[in-house]
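The values are calculated or read from the model by the stated rules, or taken from the named source; none is laboratory data. As the structure is a computational prediction, the values presented were derived from the model and not from experiment. For neighbour counting, all protein chains shown are included, and Cβ atoms are generated from backbone atoms with ideal geometry for every residue, glycine included. Accessible surface areas use protein heavy atoms only, side chains included; no ligands, DNA or RNA. Shrake-Rupley method; radii C 1.70, N 1.55, O 1.52, S 1.80 Å.
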Amino acid sequence: MATYDDQNIFAKILRGELPCLKVYENDRTFAFLDIMPRSPGHTLVIPRAGARNLLDIREEDFMEVARTTRIIARAAMKAFAADGIIIQQFSEPASGQVVFHLHMHIMPVKEGVPLLPPQTRKEDPKVLEDHAAKLIAALKA
């Protein structure tokens, strides 16, 4: 397994070098909208610690990622009137991992509405801003 590269896009987001639509953070995790969402409200949860994926993250950091994932999933159900939630995590290229900083995908889904294919379309920034506002409001409720 390769080592962690602190120049990956998510590490740059954590350092404030690249923009994102943040919806939640605490001292160990950070959550923001995916700019190429597969469903409205598609959110990514990452650890602040540098971890390539599930195979090398410290247990205590992963437990906090799991807690934050649950918080976001529950808020997304409300914010997007979802019928369910898909949680995905990929570790290493053979699994489909593209960005090598551990991240959990949280995708609200509606019955009968298929997910968009991965990495196919950048969402309009105004739509993403609206989705972020809905999710943030649901997190505060």
Qualifying GluC sites (Glu not before Pro) in the stretch 33-124, DSSP loop, other Cβ atoms within 10 Å at most 11: Glu111
At Ala94 and Lys110, where each label point lies 7 Å from the Cα along Cα→Cβ, what is the point-to-point distance in nanometres? 3.9 nm
Among the trypsin sites (Lys or Arg not before Pro) in the stretch 39-81, which ones are in a DSSP loop with at most 12 other Cβ atoms within 10 Å of the Cβ? Mind listing them? Arg58
Principal-axis tilt of helix 59-79 within the chain, Cα atoms, nearest 10 degrees: 10 degrees
Can you give me the distance in nm between label points at Lys140 and Lys126, each placed 7 Å from the Cα along the Cα-to-Cβ direction? 2.3 nm
Angle between the Cα long axis of helix 125-140 and the longest principal axis of the chain, 0 to 90 degrees, nearest 10? 90 degrees
Can you tell me, using C-alpha contacts under 8 Å and at least 6 residues apart, the relative contact order of the stretch 4-78 as a whole percent? 24 percent
May I ask for the Kirkwood hydrodynamic radius of the stretch 18-62, worked out over all distinct Cα pairs and given in angstroms to one decimal? 11.6 Å
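Counting each pair of different Cα atoms once, what's the Kirkwood radius of the stretch 23-141 in Å, rounded to one decimal? Each step should come with its number before you reach the end.
Values: mean 1/r = 0.0691 Å⁻¹.
Over the stretch 23-141, the inverse of the mean reciprocal pair distance is 14.5 Å.
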Over the chain, what is the relative contact order in percent, taking alpha-carbon pairs closer than 8 angstrom and at least six residues apart? 30 percent
Can you sort Met107, Met63 by 1.4 Å-probe accessible area, starting with the largest? Met63, Met107
Tell me, in nm to one decimal, what length is gained between Ala2 and Lys78 on full extension, where the rule is 0.36 nm per residue of separation less the Cα-Cα distance? 23.5 nm
What does the convex hull of the Cα atoms come to per residue for the stretch 40-91, in Å³? 78 Å³
Pairs Lys12/Lys134; Lys110/Lys134; Lys12/Lys126; Lys22/Lys122; Lys22/Lys134: which are spaced more than 19 Å apart, C-alpha to C-alpha? Lys12/Lys134; Lys12/Lys126
